[in-house]
Amino acid sequence: ESERRARALAQWAQCERPIGLGLLSELLMSRRGEVELRALNPLLGEQDARAAMDGTAALLLRVSRSIFAAKARAVAWKLQRTLASLKAKLSAGGGAAAQADVAQAVASLRVVSETLARTLCFRRAHVTPPKRAPPGAAGVGADGVVPASLDPRMLVFEFAGGMVLRPPQVSLISKLVSGATQGRSMCHQMLMGEGKTTVIAPMLALLIGDGSMLVTQIVPTPLLRFSHATLRSAFSAPPLHKPVWTFRFDRRASVTIELLDKVRAAVTERAVLLSTPAAVKAFLLKLLELLHLLDTGQYPKNLNSIGEKMRRVMRLKPRKVTDDRIDKASLQQQAARAVALLQLWKSGVGIIDEVDVVLHPLKSELNWPLGDKLPLDFTEGEDKTGLRWRIPFLLLDALFAARGAPLVNESLGASPRALELIATLREQLEAGLNAQHLQAAPHLLLLRREFYDETLKPLLARWLVLVLTQLKLRKLSDAEATEYLLHRKVPADAGQRLSGTQQQMLRLSADWLSAFLPHVLSRIDRVHYGLLSPAQLAAALKDQPQMPVSRRLLAVPFVGKDVPSKASEFSHPDVVIGLSIAAFRYEGLRKSDLLEVLHGLRTQMASQPGPYSRRPACAKYRKYVEHAGAHVRGSRAPADPAGLMLAQSAVEIQAAERGRRTRKDIAAERKSSGGRRKSSGEGPIWRQAGSGGGGGGGGGGGGGGGGG
């Protein structure tokens with residue numbers, strides 16, 4: 001008795017924590033609840049502690065059932081009111097309008113009655129009723145019956161939330177917890193209103209976050225604030241008190257010791273770490289960047305700023321670097337902390353809400369350029385400029401020509417073998433469309449890969465042989481080149497007969513024929529990829545003034561019809577090239593693209609020597625104008641402007657830009673201009689063919705009507 005009075009006095013003086021319903025509920029969820037209860041109150045024996053735990057569970061069950069019964073009573077009152085309303089409408093009688101009201105009341109009565117029936121027959125899913133067991137089984141009482149059992153954590157969650165878990169929710173929670181403890185990744189789809197964010201996610205955090213592993217919940221950025229408020233509300237009750245912390249990270253952040261200590265504390269404190277896909281990806285990319293800097297030794301990354309470049313140009317003394325991010329020792333420390341944090345993540349559990357959005361490569365994206373930009377093969381160097389995209393351009397040009405468009409390449413257009421191949425390809429495309437292996441709307445679309453491999457690929461391989469022959473790959477016979485393009489088989493002495501550049505060209509052509517081209521043909525323009533429209537381009541530049549040139553000029557991924565991704569780009573360079581060529585062929589040049597081309601021609605013209613009419617840039621511009629149905633003033637109008645090709649071949653353009661014109665080319669230019677030399681005082685001026693009097697050289701600039 002004296003010990004009891006001493007304990008009561010200590011509790012009254014707040015020297016010891018009083019044991020209430022909240023503390024008993026917390027102990028009920030613990031595996032060592034009875035032991036902890038006896039430690040808090042040494043006067044209790046084992047039987048007393050067990051009785052206290054059983055009594056707490058019984059009380060929570062009764063309170064939860066009372067709340068549920070109150071909800072059932074509210075449904076019963078609603079049913080009673082619905083019956084009274086139906087009875088009044090039936091006694092009143094009336095015409096068609098009254099019959100419609102009666103039918104609506106009957107339907108409402110059916111819904112309310114079914115709701116009441118489900119409520120009255122509802123069974124607590126996490127409670128296992130008593131059952132008989134075979135003799136000798138564990139946990140069997142003296143009467144041979146296994147007593148009822150329940151999960152106290154779910155019971156306390158129901159008590160704190162004032163609700164009862166539905167059987168599908170309990171089944172799903174048990175399934176996900178089992179997968180998490182076994183290290184298996186699982187995904188489940190739930191409809192809206194089934195308690196995914198308000199019930200399933202908090203329950204998983206409660207059951208898994210037991211202090212042995214990190215629990216991280218990842219949600220899309222728009223749902224971060226709502227998910228944080230939901231978790232704080234669920235774990236604000238004293239029995240379920242659990243910290244909810246946010247993990248934020250971006251490219252400018254450093255991996256500090258405070259960040260690592262925060263994640264470690266989240267494990268010991270059994271907290272829920274809430275984050276977004278951008279923060280998680282930024283951390284992982286930061287780790288890769290740290291390892292890249294340490295591996296390459298490129299520590300002073302921030303020395304390439306504009307200010308430092310100006311100081312080097314003006315030959316000023318560089319400023320002393322004080323940023324610890326470029327210090328090797330600091331980078332090593334950050335990398336070690338990042339690796340330690342990554343290990344905590346790998347040993348923990350990630351709960352991903354809206355997984356279809358979080359793992360979508362276009363809807364959940366993070367662009368993080370890393371390393372130096374290096375030119376691709378066949379993009380720079382002698383006799384290589386443009387070959388990287390010339391091969392896919394001519395390959396796709398054959399398909400467009402088979403569908404009725406003119407061939408861009410003049411030399412191939414004059415080849416009987418090429419025209420014969422185009423005719424055969426046109427027949428096979430028509431057969432494929434009739435057999436539904438291809439689709440004509442909205443453009444040519446590949447539906448069946450087997451049709452491409454069996455029918456189109458051999459024809460396109462023969463076309464590529466013509467292209468490679470035009471590109472001076474003449475060391476292999478047509479049969480040998482075709483065999484390699486189709487089956488990757490080369491003669492034994494191919495390494496001696498072909499140079500390294502020719503071997504690369506052959507491999508690139510085979511890759512396009514086998515992998516890239518069928519991929520491009522299976523994508524839909526303006527649905528899977530496309531160019532930014534002028535309105536979309538203006539909006540994107542307004543939101544992102546530093547938008548990369550690649551997104552501005554090339555094809556970008558689309559997330560839906562006419563909906564481009566906000567920041568994503570295609571990662572494979574050849575895929576970007578192929579889709580960009582297809583997009584420009586389908587959509588045409590935008591006004592900004594045309595201005596870009598004209599600006600480039602003007603820049604080239606200013607740097608080229610000789611009279612304007614004979615400069616390569618002017619010759620190229622004159623060809624553009626003539627194809628549009630006009631001609632440059634001062635030059636002879638073409639006999640058939642509509643029949644001209646779209647542009648010169650890439651090889652001819654390269655030779656012209658390098659100024660390597662032969663005597664024959666110069667004589668042809670003089671003949672086309674009537675043997676007259678134009679003064680170099682002014683650039684070329686064009687007018688519509690057949691319009692007012694031309695005349696006038698470039699020098700005077702005062703030619704007749706129709707000058708542009």
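Give me the distance between the Cα centres of segment 521-564 and segment 400-457, rounded to whole Å. What the calculation gives is 28 Å, centre to centre.
On full extension, the segment bounded by K131 and Q608 gains 162.1 nm, given 0.36 nm per residue less the C-alpha separation.
From the Cα gyration tensor of segment 41-191, with a ≥ b ≥ c the square roots of its eigenvalues, which class applies: rounded if a/c is under 1.5, or else prolate if a/b is larger than b/c, or else oblate? Prolate, since a/c reaches 1.5 and a/b exceeds b/c. Here Q536 and L291 are evaluated by their C-beta separation; at R0 = 45 Å the FRET efficiency comes out at 0.75. With Cβ to Cβ distances under 11 Å as the rule, what net charge do the other residues near S364 carry (K, R +1; D, E -1)? Neighbourhood net charge equals 0.
For the pairs K591/K623; K196/K281; K175/K196; K175/K281, note any where the Cα-Cα span goes beyond 21 Å.
From the list (K591/K623; K196/K281; K175/K196; K175/K281), the Cα-Cα distance tops 21 Å for K196/K281; K175/K281.
Taking 7 Å steps out from each Cα toward its Cβ at S411 and A265 produces label points 7.2 nm apart. These residues, W389, W463, W368, go from largest to smallest accessible area, 1.4 Å probe, as W389, W368, W463. Each pair of Cα atoms in segment 451-495 enters the Kirkwood radius, and Stokes-Einstein at 37 °C and 0.692 mPa s then converts it into a translational diffusion coefficient of 302 µm²/s. Under the simplified labelling scheme, the L359-S212 pair shows an inter-label distance of 2.5 nm, with each label point 7 Å from Cα along Cα→Cβ. Normalised by residue number, the volume inside the convex hull of the Cα atoms of segment 1-112 is 163 Å³ per residue.
The slack in the chain from E427 to S113, taken as 0.36 nm per residue of separation less the alpha-carbon distance, amounts to 106.3 nm. Distance from the Cα centroid of segment 465-501 to that of segment 586-621 is 35 Å (rounded to whole angstrom).
The values are calculated or read from the model by the stated rules, or taken from the named source; none is laboratory data. Everything quoted here is computed from the prediction, not taken from an experiment. All Cβ positions, even for glycine, are placed from backbone atoms using ideal geometry, and neighbour counts span all protein chains on display. In case anyone asks, the SASA skips ligands and DNA or RNA and just uses the protein heavy atoms, side chains included. Shrake-Rupley method; radii C 1.70, N 1.55, O 1.52, S 1.80 Å.
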